[in-house]
Every structure is written in C-alpha cells, then in structure tokens.
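Here's the structure we're looking at; comments come further down.
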Amino acid sequence: MWREQGTAVGAPAGASAGASATGTFARSAPVVGLATYPEGVTQQTTSPLSDPTVDPFEIARDAARVIAERTGVEKHDVALVLGSGWGQTADLIGEVKATIDNTDVPGFGAAAVAGHSGQMRSIEIEGSGKRALVYGTRTHFYEGKGVRAVVHGVRTAAAAGCDTVVLTNGCGGLRPEWGPGTPVLMSDHINLTATSPLEGATFVDLTDLYSPRLRDVARSIDSSLDEGVYAQFTGPHYETPAEVRMAKTLGADLVGMSTALEAIAARHAGLEVLGISLVTNPAAGISPTPLDHAEVIEAGRAAAVRCGQLLSGIVRAL
Ligand code: 8IG
C-alpha cells in the first residue's frame, strides 16, 4: 500500500507563512508523511520540527540532552554523517559506546533510504579518546519533511558540543577518471535546491565553507584524494544527461541530493565542515549505462575499506 499524503500541521489558525510584522519568518508548515514511499521503507512521524512556531534550535538542544543521557557523556567532539555507500565505514573509527534509535531522539525519524541505518552511535575514537557522534542516515530534502528536518542532525551535533562535522555522501561523478568507489573531497558546492536552511535575515559567509585545513588533514591521510565542486539537486530522481551537462557548465564536478544545505547550517552553527563524496556512479550521460541504486550500494561495499580507513585516519588526526 502506498501512503496517503499527510496533512500539514502546526500552523495556528489564521497564521500565514512569510515575513511577519515583527520580522520573524514562519515557514509554511511542511507536510508530514510521504506519498512516494512504499510501506515499510519509511514511517510517518509527527516531528516537532514541522511546527513553524517552534524554535528548531530548541529541539536540537532537547535532542542533545537525550544523546548526553543515553551515551553517558556530556559532550561529543566530532559528528559524522554517513551517506550512501558510507554505512559500514564507521566500524574502523573506534569502539562503539552507545547505539541510539533515531526515533528515541527529538526531531529525528527512521531511515528512509535502503542501505541506511536509522540509528546514531557514540564512538570513542581510538588514540585520542575523543567522542564521535555518528549518524547512520540523514533526512533528505526530497522526503518533504522541510529544511529544518534536513539540517537537524548538524544542529544537534553543535548542541552536543561538536566543533567539527564530517559530511559524507554518495554521488554521481562528472569526471570520467573518477570510477565508482572513488572518494573525492568537496571543495565547494552549488546549491540547486532553491532554498536555505536559514530563516530570516541570517547572512552567513560561505567563503571556505569546506575547511581548507580539514581538506589538508584528509590529504595527509590519503595524498591521492582529488577535490571537486558538488551540486545539490533536489532529487529523488537522478538528473537527465542535459542537466548533468548544465551542472558541468555551472562548474560542478559531482552531483547529489544532500550535503549542501547541511553544510550551510553547520557553518551557521559554528562547526568546521569537511565534505567527502563517494563517487558511486558516473552521472547520467557520462557513462552509457543507466543509473541504479543497487550499483550505488555495491560501490559503497567495494570502497568500504578505503573509505573507512580514510575516515578513521581523519578523526584521529583532528
Ligand atoms: I549515490 O548520479 C548518487 N546520488 N543527484 N545524481 C544525484 N544523486 C546521486 C547520484 C547521481 N548518485
């Protein structure tokens, strides 16, 4: 059975979205629930983040409190978001001290993507003894839960004490020399979602959004790493070959459906950002064969050891 479209919630009667007289900005209430997933792939939840009158940073603080309780530590140091193809990589980082179901943490939902884990883990980083907060999945823009839900993980990481976030993703590559399973450092992004995670007159500088210092750290672990510009499309469909040519003309080297909005929110929250893309497939039209999510998962499996060693090397060097 396919899910019915959910009803919009949270807007008080008579409230209208948009700039108000006080200068605060209420988003139109995002729709909760999805029409596009078969039963069992995702579950419908009513998130406090869907209520435009609720401060999303307050929910992030609530989430951080639950994480502190459940992990027994006041503070985490670095957060990692594991995208498509990165699921198994955290095993090499260190000892898992706690595993928490996302559904137990305010503002978080279950995983909506096959191959993603709907849990977060607190991992003691081998060597430094620092703590990593590792998200097994992310909320994608295409889930229709609103931008606040998309960036809740990075806001929670900041509230949990992290000063660094490593955002990983699986993506399509525009350079033919990057075969499936090639990790690439994000040097910059092009946000093609036509939206922002920031609300109101929140002007944030995005020069050097993807930390040159952290890219140097990554290259100190693997000197062969290339870097490129990531274009975030909304998805969930892949691009047409014409759109991939457009992205190339605009200056993109990588195309995906995540990360850019999270990176913006992370910078706003004061986090230093490292972005790493795993090229799991040539973007549409770059290779003659059609795209397939099974190919994505397989490329991740094949690259797991290299990516795991890379991530564990990076977090130890922080
Ligand atoms: I994995 O080719 C993965 N995610 N937009 N295009 C977009 N997202 C992706 C792709 C891709 N591969």
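The values are calculated or read from the model by the stated rules, or taken from the named source; none is laboratory data. Please read all numbers here as calculations on a predicted model, not as lab measurements. Every residue, glycine as well, gets a Cβ built from its backbone with ideal geometry; the counts of neighbours run over all protein chains shown.
Overview of results
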| read-out | value |
| --- | --- |
| Scope segment 267-308; condition farther than 16 Å from Gly83 by Cα and more than 13 Å from the ligand (Cβ to nearest atom); matching residues | Arg267, His268, Ala269, Gly270, Leu271, Glu272, Pro288 |
| Out of Ala60, Ala29, sole residue that is at pLDDT 50 or above and under 22 Å from the mean Cα position of the chain (by Cα) | Ala60 |
| Of the criteria (1) buried (at least 19 other Cβ atoms within 10 Å of the Cβ); (2) of a type in the set (Val, Ile, Thr); (3) closer than 25 Å to Ile93 by Cα, which one Val305 fails | (1) |
| Every residue from segment 260-312 that is part of a loop (DSSP other than H, G, I, E, B) and of a type in the set (Val, Ile, Thr) | Ile286, Thr289 |
| Matching entry among Ala231, Ala218 (being buried (at least 18 other Cβ atoms within 10 Å of the Cβ) and over 16 Å from the mean Cα position of the chain (by Cα)) | Ala218 |
| Search result, residues across segment 114-168 that are within 23 Å of Glu227 (Cβ to Cβ), charged (D, E, K, R) and touching a strand residue (DSSP E or B) at 6+ places or on another chain (Cβ under 6 Å) | Arg138 |
| Selection within segment 172-198 - of a type in the set (A, V, I, L, M), farther than 16 Å from Met246 by Cβ and in a strand (DSSP E or B) | Val184, Leu185, Met186 |
| Check on Leu254, in contact (Cβ under 8 Å) with a residue 60 or more places away in the chain and away from the ligand (no atom under 11 Å from the Cβ) | no |
| Pick from segment 186-215, criterion under 18 Å from the mean Cα position of the chain (by Cα) and hydroxyl-bearing (Ser, Thr, Tyr), ranking: farthest from Phe141 (Cα to Cα) | Ser211 |
| Only one of Leu185, Leu174 that is within 18 Å of Ala263 (Cα to Cα) and of a type in the set (A, V, I, L, M, F, W, C) | Leu185 |
| Flag for Thr168 being under 14 Å from the mean Cα position of the chain (by Cα) and β-branched (Val, Ile, Thr) | yes |
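For (1) away from the ligand (no atom under 16 Å from the Cβ); (2) not in a helix (DSSP H, G or I), each residue gets a yes or a no:
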{"residue": "Ala63", "(1), (2)": "yes, no"}
{"residue": "Ala68", "(1), (2)": "yes, no"}
{"residue": "Glu74", "(1), (2)": "yes, yes"}
{"residue": "Gly83", "(1), (2)": "no, yes"}
{"residue": "Ala90", "(1), (2)": "yes, no"}
{"residue": "Leu133", "(1), (2)": "yes, yes"}
{"residue": "Arg138", "(1), (2)": "no, yes"}
{"residue": "Lys145", "(1), (2)": "yes, yes"}
{"residue": "Arg155", "(1), (2)": "yes, no"}
